[in-house]
1. Every residue in region 137-159 that is in contact with a Ser or Thr (Cβ under 8 Å, 6 or more places away or on another chain), among the hydrophobic types (A, V, I, L, M, F, W, C) and either free of Cβ contacts under 8 Å to residues at least 60 places away in the same chain or farther than 15 Å from Thr176 by Cβ (or both), please.
2. If you scan region 167-177, which residues turn out to be within 13 Å of Trp137 (Cα to Cα) and not in a strand (DSSP E or B)?
3. Being assigned to a strand (DSSP E or B) and of a type in the set (Lys, Arg) is the filter here, so list the residues in region 89-126 that pass it.
4. Among the numbered criteria (1) surrounded by 10 or more Cβ atoms within 10 Å (Cβ to Cβ); (2) at pLDDT below 85, which one does Lys78 miss?
5. Which of (1) surrounded by fewer than 16 Cβ atoms within 10 Å (Cβ to Cβ); (2) part of a strand (DSSP E or B) does Leu135 not meet, given it meets every other one?
6. Mind checking whether some residue in region 108-126 is within 23 Å of Lys64 (Cβ to Cβ), surrounded by 14 or more Cβ atoms within 10 Å (Cβ to Cβ) and of a type in the set (A, V, I, L, M, F, W, C)?
7. Within region 55-75, does at least one residue satisfy the condition of being touching a Phe, Trp or Tyr at 6+ places or on another chain (Cβ under 7 Å) and at pLDDT below 90?
8. Does Gly164 satisfy the criteria of being modelled with pLDDT of 90 or more, within 25 Å of Lys64 (Cβ to Cβ) and part of a strand (DSSP E or B)?
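The values are calculated or read from the model by the stated rules, or taken from the named source; none is laboratory data. What you see is a predicted model; the values in this text were computed from it and never measured. Positions of Cβ are generated from backbone atoms using ideal geometry, with glycine treated the same way; all protein chains shown enter the neighbour counts.
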Amino acid sequence: MTNGIIEKLIATALGYLIFQPEIFQNGIGRINMSLFLKLLAFFVLLTVLERKFWWNFVIGKLTKEARRQSKQISGKWKTKEDFNSADFPKDICMYDMELICNGGIVKGTQTCVDGYDKGKTYVVTGTYKDQILNLAWTRKDMSSLESGTASAKLNTDGHLEGHGIYLEPDDGKIHTSTFAAERITELNKE
């Protein structure tokens, strides 16, 4: 039952039991006290089970969606970021990135395999929801202020495209970049 009908019946019955016990001394019509308490216990149990059912239903739907989204983004990726600053020559870096998504929270690392930052590793944190990945990255060894963000849309399964902003340590200014990634493997599937 919905809209609290069971709760209202229970509250009404308990109100009569507490404030007008004389009604139950000889029974109400053919309903005696024992039967009334059994019915009351049944309605209480029904209410508890109904709430447990809806709770499990809602949690099941939420965790199913979280697992689906986690599967879309968790894994190993080949990423390319084009740091196209007007003040510096074009620099394109290629990265190996590994992401783990749990409940929409993304964590991982990316290591530069080609480009200006070759060999450097970055810590990646962010969120993933509705095909949008938002990442923030910083140097793992914290040896410089080099950091940035990227937002990308999962266009097809295994392809991310978007843009980023990064802090250039040489001039201390914010610049834009173009971000793209392609999935290499899903999590735990090599």
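1. The one that is in contact with a Ser or Thr (Cβ under 8 Å, 6 or more places away or on another chain), among the hydrophobic types (A, V, I, L, M, F, W, C) and either free of Cβ contacts under 8 Å to residues at least 60 places away in the same chain or farther than 15 Å from Thr176 by Cβ (or both): Trp137.
2. none
3. Of everything in region 89-126, just one residue is assigned to a strand (DSSP E or B) and of a type in the set (Lys, Arg), namely Lys107.
4. Lys78 satisfies all of (1) surrounded by 10 or more Cβ atoms within 10 Å (Cβ to Cβ); (2) at pLDDT below 85 except (2).
5. Every condition holds for Leu135 apart from (1).
6. no
7. yes
8. The answer is no for Gly164.
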